[in-house]
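Asker: Have a look at this one.
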Amino acid sequence: MNDEVLTPGGMKRIFLLPGELCVTKEPTFLATLLGSCVAVCIYNRHTGAAGMNHFIRDRMTDKAEPQGKFGDTSTSYLIKSLLGHGRDDRPL
């Protein structure tokens, strides 16, 4: 996450670049800019945690590449992180 500033209303703003992911329980404005990439945003209504990823390709083909670049590994990590906030196993 390369850009963390406050919005005019005082809320923290985080801008995600390709391959990045953010999970938070604090009120936060998560932003990104998409071209051919994909972003997944998920909110856990039971714990108040929310997260977003920004990935480039659908699945990992080269284990040497950062996992955040791929939808299968990045989205799996995002879901596990959200379920881990507050140790709540109910559906998101």
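The values are calculated or read from the model by the stated rules, or taken from the named source; none is laboratory data. Note that the coordinates shown come from a computational prediction; the quantities given were computed from them, not determined experimentally. For neighbour counting, all protein chains shown are included, and Cβ atoms are generated from backbone atoms with ideal geometry for every residue, glycine included.
Asker: Select from segment 62-86 the residues that are in a loop (DSSP other than H, G, I, E, B), touching a residue at least 12 places away in the same chain (Cβ under 8 Å) and at negative phi and list them in ascending order.
Answerer: 66, 85
Asker: Among the residues of segment 43-55 satisfying the criterion of being crowded, with 17+ Cβ neighbours inside 10 Å and more than 10 Å from the chain's Cα centre (by Cα), which is modelled with the lowest pLDDT? Write out each step before concluding.
Answerer: To start, the set of residues in segment 43-55 that are crowded, with 17+ Cβ neighbours inside 10 Å comprises 44, 47, 49-55.
Among the residues that remain, those that are also more than 10 Å from the chain's Cα centre (by Cα) are: 44, 47, 49.
Working: 44: 90, 47: 87, 49: 92.
Across segment 43-55, the extreme among qualifying residues is 47.
Asker: Among all residue pairs at least 6 apart or on different chains, which show Cβ distances below 7 Å where the first residue, located in segment 9-33, is in contact (Cβ under 8 Å) with a residue 24 or more places away in the chain and the second is crowded, with 18+ Cβ neighbours inside 10 Å and basic (Lys, Arg)?
Answerer: 18/69; 19/69
Asker: List the number of the failed condition for residue 29; all other conditions in (1) in a strand (DSSP E or B); (2) within 17 Å of residue 68 (Cα to Cα) hold.
Answerer: (2)
Asker: Which of (1) at pLDDT 90 or above; (2) under 13 Å from the mean Cα position of the chain (by Cα) is the odd one out, the single condition residue 69 does not satisfy?
Answerer: Going through the list (1) at pLDDT 90 or above; (2) under 13 Å from the mean Cα position of the chain (by Cα), residue 69 breaks only (1).
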